[in-house]
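**Student:** Got a structure for you, questions after.
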Amino acid sequence: MDFWERRLYYLQLLAEHLLLSLGSLLAVTFLGILIGIFVFYSSKSRKIILPLINFLYTIPSIAMFGLLIPLVGIGLKNALIVLIIYGLLPIVRSAFSGLKEVPTQLVEAAQGLGSTPIQVFKNIYFPLALPSILSGLRITVVMIVSLTGLAALIGAGGLGQAIFRGLNTMNTGLIVTGSLGISLFAILGDQWIGQFEKDESLLRVISRNATKRQRNRIIFPSIVVLILSIAAVIYLNPLNSKNSDSLVVASKPTSEQFILGEIIAQTIEDNTDIIVVRKFGIGGGTTNIHPAMISGDLDIYVEYTGTAWLNVLEEKLPPNNQIKFENLNTIYQEKFKLKWLGLLGFNNTYGLAISKSHTQISTYSELAEKCSDFTFGAEFDFFERSDAFPGLKEKYPFQFKKLEEMDINLRYQAFEQGKIDAVDVFTTDAQIKNLNLKVLKDDKNYFPSYEAGIVARQEILEKHPEIEKLLFNLKDKISTEKMQELNYAVEVEKKSPAEVAKNFLNNLKNEDERK
């Protein structure tokens with residue numbers, strides 16, 4: 001799918017990125033200057049506030065997004081708070097430094113002429129500190145525009161969504177478009193603030209002695225930004241308004257989840273008048289989506305039985321490793337007010353895979369005997385989850401030569417490039433077929449079933465009872481082979497998840513009509 005066919009998608013991301021960046025920039029500018037002035041005049045508070053801001057700035061931004069989820073949930077609110085926190089340091093520092101560097105002789109002279117403290121600040125401190133403030137603001141603009149890209153991981157939208165979707169679906173076009181869009185945004189933002197600095201235009205406008213050219217440098221670019229912002233609000237309002245006739249469909253950051261999210265969204269859109277808001281590719285998967293479902297920020301998503309039983313409920317597996325769906329559904333309804341609307345029909349469990357050239361190895365036990373020559377690669381949470389590598393090592397005596405932790409969507413590239421020799425897989429992964437991998441037999445039956453099912457908030461089902469029947473019709477409609485085929489269409493054939501979902505639903509409809 002080329003750029004033109006995705007134009008509406010990119011336009012939506014552009015509008016989201018503009019509003020989120022601009023909103024946080026305005027808040028940061030106002031708060032940052034106020035805090036900078038406050039710490040300049042208050043030496044006691046300076047000793048607390050400046051180190052605190054420095055400390056917050058050292059926390060990785062992606063970690064900050066995650067830390068705030070239990071407090072404010074996912075989405076816009078979370079993103080704004082993080083962007084404001086990270087944008088404060090350059091502004092506060094530049095405002096404080098600019099005020100501090102004002103020559104004391106000028107201040108004393110003004111005071112000697114009878115100027116009040118307010119007059120001294122207005123006529124001496126602020127004008128002389130303004131160049132330093134604007135310099136800090138230019139740094140902040142570029143930083144905020146760049147960081148806004150990460151906000152897509154928590155469902156806040158923006159051009160970062162194109163980048164992460166491209167990584168998830170192995171689509172270079174999406175990655176390049178999102179990256180170039182953010183870069184262009186940052187450059188234009190820097191140039192916009194640069195107009196305020198040029199020939200001291202902003203200072204002259206504030207001092208009311210600007211030339212027409214200096215006024216135009218401030219007014220015209222600002223009007224353009226204002227018009228674009230209004231246009232973005234108008235464009236996004238019908239798309240993202242969370243009202244009584246809308247619901248939010250979420251997905252984890254994988255091709256499979258994008259496809260399933262689209263299948264759910266299109267099923268609802270094609271058969272009801274409900275507005276569907278898509279919050280796809282949420283970083284952290286279940287860890288972040290489940291709390292957002294409970295809080296009501298999200299309404300529907302696809303979960304896997306093994307993940308729900310072991311990671312959400314933190315229950316131990318039955319002796320036969322088979323999770324009873326009825327028990328799982330009952331606990332979810334009683335404990336979380338969430339309901340499983342049947343299972344879709346495929347099992348996307350874990351597996352270990354190697355190259356088919358290793359003809360002597362066909363089981364996990366055989367790999368364990370020879371793994372000292374293998375570098376094993378997997379996604380970050382595979383090494384952390386109790387049902388993954390930690391538990392697997394207790395069952396099989398794996399002692400790999402080296403362990404490589406990486407993003408879930410990069411592990412196949414690492415395998416293809418020869419950087420790892422063994423990799424964890426999901427049984428519906430398209431790359432198993434594409435890279436001609438050998439999936440080893442779990443001869444001690446360690447991994448449980450990870451059957452996919454639709455989870456929805458009971459409140460939304462009570463409000464829109466027709467949804468339950470619609471989505472229940474998807475029960476047992478997607479086999480493991482079919483899911484791998486759908487993933488292949490996205491990851492290898494480079495079709496969009498929306499297109500693949502639409503084709504699947506059309507074929508499903510035709511099959512039902514023939515029956």
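The values are calculated or read from the model by the stated rules, or taken from the named source; none is laboratory data. What you see is a predicted model; the values in this text were computed from it and never measured. Note that we place each Cβ from the backbone using ideal geometry, even for glycine, and neighbour counts take in every protein chain shown.
**Student:** Looking only at the range 19-45, count how many residues are at pLDDT 95 or above, among the small types (Gly, Ala, Ser) and more than 25 Å from the chain's Cα centre (by Cα).
**Tutor:** Looking only at that region, the number is 2.
**Student:** Could you say which residue among PHE196, PHE185 is crowded, with 20+ Cβ neighbours inside 10 Å, within 26 Å of ALA156 (Cα to Cα) and among the aromatic types (Phe, Trp, Tyr)?
**Tutor:** PHE185
**Student:** Given the conditions (1) at pLDDT below 95; (2) not assigned by TED's automatic domain parsing to the domain that holds PHE374, which single one is not true for ASN434?
**Tutor:** For ASN434, the failing item is (2).
**Student:** Within the group LYS279, LYS252, LYS316, which residue is more than 26 Å from PHE65 (Cβ to Cβ), of a type in the set (Lys, Arg) and assigned by TED's automatic domain parsing to the domain that holds ASN507?
**Tutor:** The match here is LYS316.
**Student:** Does ALA430 qualify as being more than 30 Å from ALA292 (Cα to Cα) and either touching a residue at least 12 places away in the same chain (Cβ under 8 Å) or not β-branched (Val, Ile, Thr) (or both)?
**Tutor:** Here the answer is no, as ALA430 does not meet what is asked.
**Student:** Sticking with this structure for a sec: Filter the range 206-237 down to the residues that are free of Cβ contacts under 8 Å to residues at least 40 places away in the same chain and either surrounded by 17 or more Cβ atoms within 10 Å (Cβ to Cβ) or charged (D, E, K, R) (or both) and list them by number.
**Tutor:** ARG208, ALA210, LYS212, ARG213, GLN214, ARG215, ARG217, ILE218, PRO221
**Student:** Look at the range 446-477 and say how many of its residues are closer than 15 Å to ASN348 by Cα and either of a type in the set (A, V, I, L, M) or part of a loop (DSSP other than H, G, I, E, B) (or both).
**Tutor:** 9
**Student:** Kindly indicate whether LEU99 is more than 22 Å from ILE37 (Cβ to Cβ), surrounded by fewer than 23 Cβ atoms within 10 Å (Cβ to Cβ) and assigned by TED's automatic domain parsing to the domain that holds PHE126.
**Tutor:** Judged against the criteria, LEU99 is not a match.
**Student:** Ok, one more. Condition first: acidic (Asp, Glu) and in contact with a strand residue (DSSP E or B) (Cβ under 9 Å, 6 or more places away or on another chain). Now tell me which residues in the range 440-470 satisfy that.
**Tutor:** ASP442, ASP443, GLU451, GLU468
**Student:** Considering the range 252-275 alone, what residues qualify as being within 23 Å of GLY160 (Cβ to Cβ), at pLDDT 95 or above and in contact with a helix residue (DSSP H, G or I) (Cβ under 6 Å, 6 or more places away or on another chain)?
**Tutor:** GLU256, PHE258, ILE259, GLU262
**Student:** For the range 343-371, which residues satisfy the criterion of being of a type in the set (S, T, N, Q) and either closer than 26 Å to LYS482 by Cα or at pLDDT below 95 (or both)?
**Tutor:** ASN347, ASN348, THR349, SER355, SER357, THR359, GLN360, SER362, THR363 - these are the residues of the range 343-371 that are of a type in the set (S, T, N, Q) and either closer than 26 Å to LYS482 by Cα or at pLDDT below 95 (or both).
**Student:** For the range 269-289, which residues satisfy the criterion of being assigned to a helix (DSSP H, G or I) and surrounded by fewer than 21 Cβ atoms within 10 Å (Cβ to Cβ)?
**Tutor:** Passing the criteria: GLU269, ASP270, ASN271, THR286, THR287.
The rows are residues; the columns are (1) aliphatic (A, V, I, L, M); (2) on the phi > 0 side of the Ramachandran plot; (3) in contact (Cβ under 8 Å) with a residue 24 or more places away in the chain.
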| residue | (1), (2), (3) |
| --- | --- |
| ALA152 | yes, no, yes |
| GLY155 | no, yes, yes |
| GLY158 | no, yes, yes |
| ASN171 | no, no, yes |
| ILE175 | yes, no, no |
| SER179 | no, no, no |
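**Student:** I'd like the residue in the range 60-86 that is touching a helix residue (DSSP H, G or I) at 6+ places or on another chain (Cβ under 8 Å) and not in a helix (DSSP H, G or I) and, out of all such residues, is surrounded by the fewest Cβ atoms within 10 Å (Cβ to Cβ).
**Tutor:** Taking the candidates together, the pick is GLY73.
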